[in-house]
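Student: Below is the structure I would like to discuss, written out as structure tokens.
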Amino acid sequence: MSRFNKIVYPICCGMDVHRDFLIACVASTNDVGVTTYESKRFSTFAGSLRDLCAWLAACNCKDVCMESTGKYWFHIHRALEKSCNVVVTHPKFVKAIKGKKTDKKDAQWIADLFKHDFVRGSFIPPEDIRSLRDLCRYWCKLTSYTTGEKNRFQNCLTVSGFKLDAVFTNVFGKSASAVIEQLLAYPGQELDVRQFVDGRCKTPVKEIQAAVDGEFAPEQADKLRIIRSHMDFLEELKRRLEIAILAIADKYPAHMELLLTVPGIADRLTAARIIGEIGVNMSVFETSKHLTSWAGLTPQNAESAGKKKTTRIGKAGIYIKPLLVQIAIAASRSDKYPELKLKRLILKKRRGGKKATIAIARRLLTAIYHMFARGVEYQPFVTADKPPKLRHLTPQQALKLVAKMGYTITELETA
């Protein structure tokens with residue numbers, strides 16, 4: 001391999017990472033082009049990782065490559081990043097040949113690929129951004145738990161014969177919560193809902209009274225109380241977690257203010273979640289297209305024999321993509337941003353609603369990329385009136401072009 005390909009890293013290390021141990025292989029290439037390999041096994045305990053750093057320093061190795069094996073590489077990367085250039089790659093880019101696979105051979109294969117710069121590194125943000133990302137993703141998990149508890153709460157009401165979802169838009173709103181609280185406090189007693197329904201409620205009181213004509217079993221009532229207490233506890237955890245998230249995000253006040261100018265972003269938590277996913281340094285992405293591809297907002301490349309097999313978006317960006325889709329939906333529904341609203345309506349007629357939403361999300365992420373790279377606020381995208389490629393136009397084409405530019409065409413009276 002070294003005879004036909006350029007060597008980028010004369011001295012580098014490939015690591016095969018496992019839960020309890022790792023195999024490190026240092027590949028050293030001399031001036032003649034001969035490569036020697038030295039492998040050593042280390043434990044993944046903190047003390048052994050310090051020995052690994054000392055061994056790499058003794059070998060004069062400053063470049064390390066490892067595959068992203070679950071969560072096992074996190075603390076290894078943290079231990080090495082201060083003294084080495086660490087590249088973390090997806091396992092599919094360094095997969096060994098079937099039938100010739102051992103731990104030592106895997107480490108040597110990773111070192112060989114990395115030596116010739118055949119390995120595509122993953123995006124690993126700085127430590128502050130990684131901490132922010134971890135907290136933001138945990139906040140998303142707590143939100144998912146809350147949604148699950150709401151569904152169980154609704155199932156308990158349905159099983160017990162209370163049809164509050166048919167008369168209230170939100171079962172967890174002010175009026176519905178007051179009614180449910182009274183039903184749990186006085187089970188088996190007839191309830192007059194008139195005094196608990198807010199005056200702004202559009203549903204007639206008579207229908208609401210008919211909807212609460214059910215009966216709680218003791219087990220269902222206990223389950224509802226437990227679910228309500230768990231939901232309150234989750235909301236308290238989310239509140240505390242939000243304080244911790246904003247405390248880290250406040251280290252980047254300029255970028256937070258820039259994000260608040262983007263359509264669809266109305267609160268600081270949303271801005272912090274975006275920073276936690278993509279960071280603030282856009283130089284790690286070659287272009288905005290690389291960023292949108294990394295976020296899973298571009299079609300896949302699946303072409304063979306001149307035929308495209310699929311144009312679906314990829315599975316990447318499982319946290320940033322849903323967030324950008326929510327932002328795109330909010331922005332395209334608002335009258336404050338007519339360019340986004342009109343663009344989504346045009347794409348919806350031609351490609352469908354889902355693809356139109358993804359296109360708006362990709363446009364917003366592209367704008368965020370340039371905002372961070374240039375340090376400027378969001379500016380609406382306005383298409384320029386470009387002259388036609390062919391200067392020679394038919395009268396019909398000329399009339400169509402003039403009408404598109406906003407001019408009113410009137411017929412000339414002939415003598």
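The numbers here are math on the coordinates, done by the rules we state, and not lab data. Just so it is clear, the structure is predicted and the values come from calculations on it, not from any experiment. Neighbour counts run over all protein chains shown; Cβ positions are idealised from the backbone, glycine included.
Student: Just one of the numbered conditions (1) among the small types (Gly, Ala, Ser); (2) in a helix (DSSP H, G or I); (3) within 24 Å of residue 198 (Cα to Cα) is not true of residue 107; which one?
Tutor: (3)
Student: Any chance you could count how many residues in region 158-193 are under 13 Å from residue 210 (Cα atoms), within 34 Å of the chain's Cα centre (by Cα) and not in a helix (DSSP H, G or I)?
Tutor: Qualifying residue count, region 158-193: 1.
Student: Go through region 150-173 and give me each residue that's under 19 Å from residue 187 (Cα atoms) and among the polar types (S, T, N, Q).
Tutor: Those that are under 19 Å from residue 187 (Cα atoms) and among the polar types (S, T, N, Q): 154, 155, 158, 160.
Student: Could you go through region 50-63 and let me know if any residue there is closer than 14 Å to residue 113 by Cα and surrounded by 13 or more Cβ atoms within 10 Å (Cβ to Cβ). Let's see the steps before the verdict.
Tutor: Residues of region 50-63 that are closer than 14 Å to residue 113 by Cα, as a first pass: 63.
From what is left, the residues that are surrounded by 13 or more Cβ atoms within 10 Å (Cβ to Cβ) are 63.
So far as region 50-63 goes, yes, one or more of its residues are closer than 14 Å to residue 113 by Cα and surrounded by 13 or more Cβ atoms within 10 Å (Cβ to Cβ).
Student: Go through region 287-405 and tell me which helices (runs of 4 or more DSSP H), entirely inside it, have 2 or more residues that are loosely packed, with under 12 Cβ neighbours inside 10 Å. Step through it out loud before you land on a result.
Tutor: Working: elements: 288-294, 320-333, 338-351, 353-374, 395-404.
In region 287-405, 338-351, 353-374, 395-404 are the helices (runs of 4 or more DSSP H) which contain 2 or more residues that are loosely packed, with under 12 Cβ neighbours inside 10 Å.
Student: Turning to a different aspect of this structure: Filter region 70-111 down to the residues that are farther than 19 Å from residue 27 by Cα, of a type in the set (Lys, Arg) and touching a residue at least 12 places away in the same chain (Cβ under 8 Å) and list them by number.
Tutor: Passing the criteria: only 78.
Student: Do we have residue 134 as surrounded by fewer than 16 Cβ atoms within 10 Å (Cβ to Cβ), within 24 Å of the chain's Cα centre (by Cα), among the charged types (D, E, K, R) and part of a helix (DSSP H, G or I) here? Before you say what the answer is, go through the steps one by one.
Tutor: On the way: surrounded by fewer than 16 Cβ atoms within 10 Å (Cβ to Cβ): yes; within 24 Å of the chain's Cα centre (by Cα): yes; among the charged types (D, E, K, R): yes; part of a helix (DSSP H, G or I): yes.
The answer is yes for residue 134.
Student: Follow-up question, since we're still on this one. Here is a list: 102, 147, 169, 143. Which entry is of a type in the set (S, T, N, Q) and within 30 Å of residue 56 (Cα to Cα)? Can you show your working first?
Tutor: Values: 147 fails: within 30 Å of residue 56 (Cα to Cα); 169 fails: within 30 Å of residue 56 (Cα to Cα); 143 fails: within 30 Å of residue 56 (Cα to Cα).
Answer to the check: 102.
Student: Something else now. Every residue in region 159-184 that is polar (S, T, N, Q) and surrounded by 14 or more Cβ atoms within 10 Å (Cβ to Cβ), please. Break it down stepwise before answering.
Tutor: Narrowing region 159-184 to residues polar (S, T, N, Q): 160, 169-170, 175, 177, 182.
Selection gives 160, 175, 177, 182.
Student: For region 218-247, which residues satisfy the criterion of being over 29 Å from residue 369 (Cα atoms), among the charged types (D, E, K, R) and touching a residue at least 60 places away in the same chain (Cβ under 8 Å)?
Tutor: First, pick out the residues of region 218-247 that are over 29 Å from residue 369 (Cα atoms): 218-237, 239-240.
Within this subset, residues satisfying the condition of being among the charged types (D, E, K, R) are 219, 222-223, 225, 228, 232, 235-236, 239-240.
Residues satisfying the conditions are 223, 228, 235.
Student: With the condition being charged (D, E, K, R), I'd like the strands (runs of 3 or more DSSP E) fully within region 1-98 carrying at least 2 qualifying residues.
Tutor: Values: elements: 11-17, 21-29, 35-43, 63-67, 85-89.
Answer list for region 1-98: 35-43, 63-67.
Student: Still on this structure: Cβ contacts < 6 Å: first residue over 21 Å from residue 325 (Cα atoms), restricted to region 248-268; second residue assigned to a loop (DSSP other than H, G, I, E, B), any location; separation 6+ or different chain. Result?
Tutor: Here the result reads 252/280, each pair linking region 248-268 to a residue that is assigned to a loop (DSSP other than H, G, I, E, B).
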